Amino acid sequence: MRPRVLPDYETMSTAAADVVASKLREKPHAVFMIPTGTTPLGMYRGLAARHEREGLSFARATFFNLDEYLGLPPDHPASYHVYMQENFYGRVDVDPERVHVPDGSAPDPEAECEQYERAIRVSGGVDLCVLGIGRNGHIGFNEPGAPFDSRTRVVRLAETTRRVNATDFEGERAPERAISVGMRTISDSRKVLLLASGANKARAVAAAVGGEVSEEVPASALRRHPNVSFLLDRDAASALGDSASEGEPP
Ligand code: GLP
């Protein structure tokens, strides 16, 4: 697996939107698993622009989000429900019946996790899973140590993640727990696309691409996936040495 390196964030985001758009054209009823965070914002902007300009339609596709904070109601401003509505679902023609975000306020979180995993299965499985990466190598909210065979479940967030994500909580640390799809759930996707931007991701990217495949670096699991692409901007690739290729398509 050779990561593809683009000169900057905008180019990386356009390339990511291209991958999603071409999957949609090939299979309008495709099933997507998609992330939150700052990294995919440019991709979502690009997809919303294509919807507006070119009529790219998402109406037949199905979407599953990767994760949600535990204890947050869907209308909490820091919830991933609100993020997704503002940045993507509310800006394109998705069918609300085909949009899934884990319910962080479910009275029985374990049952919510089981139901989520079942819904993914019933949908026929994920065609394209788009991921960001945490500074500690997490994917979704699968923190270091997450078992490679895990499924959707309640997870405890790393202290570093809670601090980094404090910006969404007016400086308070993020909640202690979240619902996250599992490592196995991600690996079962037919195609995986990981996006990383910025120098603060360089170490995690280098560990995922060039270090040992280990549960201590969740993103390293992707190296065992038969159809994975890493799309990086130059800063995120800065600790990689020669193992990356400039510009080749994923
Ligand atoms: C968040 C999300 C992840 C995301 C990662 C990186 O906490 N749960 O799905 O990929 O951390 O976020 P960012 O893109 O803001 O750096």
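The values are calculated or read from the model by the stated rules, or taken from the named source; none is laboratory data. Treat the numbers as computed from the prediction; the structure is a model and nothing was measured. Methodologically, a virtual Cβ is constructed for each residue, glycine included, from the backbone with ideal geometry; neighbour enumeration extends over all protein chains shown. Heavy atoms of the whole protein, side chains included, go into the accessibility calculation; ligands, DNA and RNA do not. Shrake-Rupley method; radii C 1.70, N 1.55, O 1.52, S 1.80 Å.
Computed quantities for the displayed model
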{"quantity": "FRET efficiency for ASN227 and GLN115, using Cβ-Cβ distance with R0 set to 22 Å, rounded to 0.05", "calculated": "0.20"}
{"quantity": "Cα→Cβ-extended label distance, 7 Å offset, between ALA59 and GLU26, nm", "calculated": "2.4 nm"}
{"quantity": "Apportionment of accessible area to carbon and sulfur, the chain, percent (1.4 Å)", "calculated": "46 percent"}
{"quantity": "Surface per residue (accessible, 1.4 Å probe) for the stretch 101-167, Å²", "calculated": "43 Å²"}
{"quantity": "Dipole magnitude of the stretch 1-156, debye to nearest 20 (Cβ charges: Lys/Arg +1, Asp/Glu -1, about Cα centre)", "calculated": "580 debye"}
{"quantity": "Residues ALA166 and ALA199, FRET efficiency given R0 of 22 Å [Cβ-Cβ distance, rounded to 0.05]", "calculated": "0.65"}
{"quantity": "Cα gyration tensor shape for the stretch 55-132, rounded if a/c is under 1.5, else prolate or oblate", "calculated": "oblate"}
{"quantity": "Proportion of all alpha-carbon pairs of the stretch 161-250 beyond 14 Å (%)", "calculated": "71 percent"}
{"quantity": "Contour excess over end-to-end distance, with Cα ends at THR38 and GLU10 and 0.36 nm allotted per residue", "calculated": "8.8 nm"}
{"quantity": "Helical segments meeting 15 Å axial Cα length and Kyte-Doolittle -0.5 threshold in the chain (DSSP H)", "calculated": "9-26"}
{"quantity": "For HIS51, solvent-accessible area (1.4 Å; no DNA, RNA or ligand), Å²", "calculated": "50 Å²"}
